[in-house]
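Inspection log for the structure reproduced underneath, given as structure tokens.
The values are calculated or read from the model by the stated rules, or taken from the named source; none is laboratory data. Just so it is clear, the model here is predicted, and its values are computed rather than measured. FYI the Cβ positions are ideal-geometry reconstructions off the backbone, even for glycines, and counts take in every protein chain you see. Ligands, DNA and RNA are excluded from the accessible area calculation, which covers all protein heavy atoms including side chains. Shrake-Rupley method; radii C 1.70, N 1.55, O 1.52, S 1.80 Å.
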Amino acid sequence: MTVLLVLAAAVGLLLLLLCIAVVRTLLMPTKESRYRPPVEDDAPAAKLAEKLSAMVQCDTTSHPGQAEPKKFHAFHQVLEELFPLVHKHLEKTDIDGNLLFRWKGRSQEDPILLMSHQDVVPAEGKWSHAPFSGDIADGKVWGRGTADTKASLMAFFQAVEELLAEGYVPAQDVYLASSCTEEWSGDGAPKIVAELKRRGVRLFLVCDEGGGIISEPIGGIHGNFAMVGVFEKGKANVRFTARSTGGHASTPVKNTPAARVAAFIHSMETRSPFQKKLLPEVTAMFQRLAPYAPFGIRLVFGNIWLFGPLLKIVLPMISAQAGAMLQTTTAFTVLSGSEAYNVLPQEACVGVNMRFIPHQGEAESLALIKKRAEQFGLETEVLLSNDYSIPVDIHGEAFQQVERVVAETFPGLPVSPYVMTGATDAYFYQEVCPSCIRFAPVVYGPEQMKGMHGIDENIECSCLPGAVRFYQNLIRAQEQR
């Protein structure tokens, strides 16, 4: 009888909480993302598309550990031809192909830095438009680097070019930066940061790539949203090795290196040692998006206090990207064993790419996976590793300034913070800036998202003028501080 009473009380409490959540959801004002990117190909968009095309035609593919100064100096020449006023009036510093420009303002206090990288990943596979053609067709600029990230690089150079033509002088110093090693986490950005530190520069705001104007950021939530990255997960490449004395495949033994590696992989994918947690920034994202969602999603996103445990289970099933915002992740990417079918391997290896979440950062995550590997007799070797970045204060002045500029530039476009699951050069700027924001003011629809690091990368021409205006408004916003 006592058990039934307890059960009835629990069910009653649950129904009460559910009713409260439903009422709160019904009282929540529903919203719609009213921003629609322009569709017409006007003259300004065509002019900017031509500039971006010229930049894309210069092949700036980078390769890990390789210095290729001639390639990037050729690209610098293209930049100088496209943006002559920037090169005439700004102080330029070239550090092994990595660029830093200083636009002197009326004050050196609280400068801002706009950045986007020069280099691109290799272009493989069969493309509809040659990857370095820079073709302008179907209202788009085609080619490797259009979306990642020469569009934003072009946009802030053009923004400064136009302001200089007007005779504008910024309130504070403005820096433009662009590394040539971002795609392989090379030493380009650290060299620029070292130069800023040498000069004693402390930045108010860094605006890098990472987020963007995303169409349907989560399944079921329609429209365009400014998804502003406020921190990025840490990352590591780790190799796990199982060893034995080998042998002939005609007399197989149990627990070979290959079998132990396979068992380790299966264990990690079925019983992850990493905890799921809704970080404040992730919770804020769901709360910002909730009013734009249909009732069912709005009910869950708008009542994290009740549905948080359910979200932690369901999100990874719905979206790999959303699930990656909850925990440290492991992606098994490299495998090796015997080189012959009839030889048992003396050694089998698996390579893992890890992404660390703040509640289980670099040290704890590496310790947990090493402990699991030891259960299968695997050795652990960390090839490279760095921790997560410091989160930007979403209630702070820098983030709110970006919000205001988005509202000014793109009327009707909602803003939401989100967690970068990838890596950017902004990570290195933490040493000189407390607010490293990841947002490129261009539209990334499903086609653009698919093309980044893939085939047929492109960007819509019509979104380019808005990107230029965003950077101009961000520079002018310093007047109001």
341, 429, reordered so the largest accessible area comes first (probe 1.4 Å) | 341, 429
How large is the accessible surface per residue of region 248-365, computed with a 1.4 Å probe and reported in Å² as a whole number?
-> 50 Å²
May I ask you to give the percent of accessible area on region 323-388 that is carbon plus sulfur, with a probe radius of 1.4 Å?
-> 50 percent
The chain -> Rg/Rh from Cα coords, Kirkwood Rh, value 1.02
How much accessible surface does residue 300 have with a 1.4 Å probe, in Å² rounded to 10?
-> 30 Å²
Given the convex hull of the Cα atoms of region 269-393, what is a quarter of its surface area in nm²?
-> 10.3 nm²
Cα Rg over Rh - region 57-103, Kirkwood | 1.00
For region 432-439, just list the computed ³J(HN,Hα) in residue order, Karplus coefficients 6.51, -1.76 and 1.60, θ = phi - 60°, integers in Hz, with x standing in for Gly and Pro.
-> 10, 8, x, 10, 9, 9, 10, 7
Once you have the Cα-Cα distance between residue 249 and residue 137, take 0.36 nm times their residue separation minus that, and quote the gain in nm to one decimal.
-> 34.7 nm
Here, residue 24 and residue 36, labelled 7 Å along Cα→Cβ, have an inter-label distance in nm of 3.5 nm
All alpha-carbon distances of region 432-481, grouped into 5 Å bins from 0, give the whole-percent distribution 4, 17, 17, 20, 16, 12, 8, 3, 1
Put 268, 449 in order of accessible area, largest first, 1.4 Å probe: what do you get?
-> 449, 268
Determine the share of region 70-168's accessible area contributed by carbon and sulfur atoms, expressed in whole percent, with a 1.4 angstrom probe.
-> 46 percent
Accessible area expressed per residue, region 16-58, with surrounding protein chains retained (probe 1.4 Å, Å²) = 64 Å²
Using a 1.4 Å probe and ignoring any ligands, DNA or RNA, find the accessible area of residue 266 and quote it in Å² to the nearest 10.
-> 120 Å²
At a Förster radius of 60 Å, what calculated FRET efficiency corresponds to the Cβ-Cβ distance of residue 317 and residue 88, to the nearest 0.05?
-> 0.60
Starting from the Cα coordinates of region 242-290, work out the convex hull volume and express it per residue in Å³.
-> 114 Å³
Hydrodynamic radius (Kirkwood) for region 89-144, which is based on Cα pairs only, to one decimal in Å | 14.9 Å
192, 394, ranked by accessible area, largest first (probe 1.4 Å) | 394, 192
Which value in deg cm²/dmol, rounded to the nearest 500, describes the helix-derived mean residue ellipticity at 222 nm for the chain, given -39,500 (n - 2.57) per DSSP H run of n ≥ 4 and division by the residue count?
-> -12000 deg cm²/dmol
Given C-alpha coordinates of region 1-133, what is the ratio Rg to Rh with the Kirkwood estimate of Rh?
-> 1.33
Could you pull the Rg and Dmax for region 63-214, using just the Cα atoms, both in Å?
-> 16.0, 51
Placed amide H near residue 303: partners under 5 Å, 5+ positions off or other chain = none
Based solely on C-alpha atoms, express the radius of gyration and the Dmax of region 357-481 in angstrom.
-> 19.3, 61
Output the DSSP H helices from the chain with an along-axis C-alpha extent of no less than 27 Å and a mean Kyte-Doolittle hydropathy no less than 1.0.
-> 2-27
Violating pairs (Cα-Cα greater than 22 angstrom) within the set 92/140; 47/126; 51/71; 104/150; 233/312; 51/140 | 92/140; 47/126; 104/150
If you plug each phi of region 170-186 into the Karplus form 6.51 cos²θ - 1.76 cosθ + 1.60 with θ = phi - 60°, what whole-Hz ³J(HN,Hα) values come out, in order, with x for Gly and Pro?
-> x, 5, 10, 4, 10, 10, 10, 9, 7, 8, 10, 9, 4, 5, 10, 6, x
Whose amide H sits under 5 Å from the amide H of residue 175, counting only residues 5 or more places off or on another chain, with H placed in the peptide plane?
-> 103, 112, 113, 114
Which is the longest stretch in the chain that no exposed loop site breaks, taking sites as GluC sites (Glu not before Pro) with a DSSP loop state and at most 15 other Cβ atoms within 10 Å?
-> 167-338
Based on the Cβ-Cβ distance of residue 43 and residue 2, what FRET efficiency does E = 1/(1 + (r/R0)^6) give at R0 = 60 Å, to the nearest 0.05?
-> 0.15
With DNA, RNA and ligands ignored, accessible area of residue 304 (1.4 Å probe; Å², nearest 10) = 20 Å²
Residues of region 82-154: accessible area per residue at 1.4 Å, in Å²?
-> 39 Å²
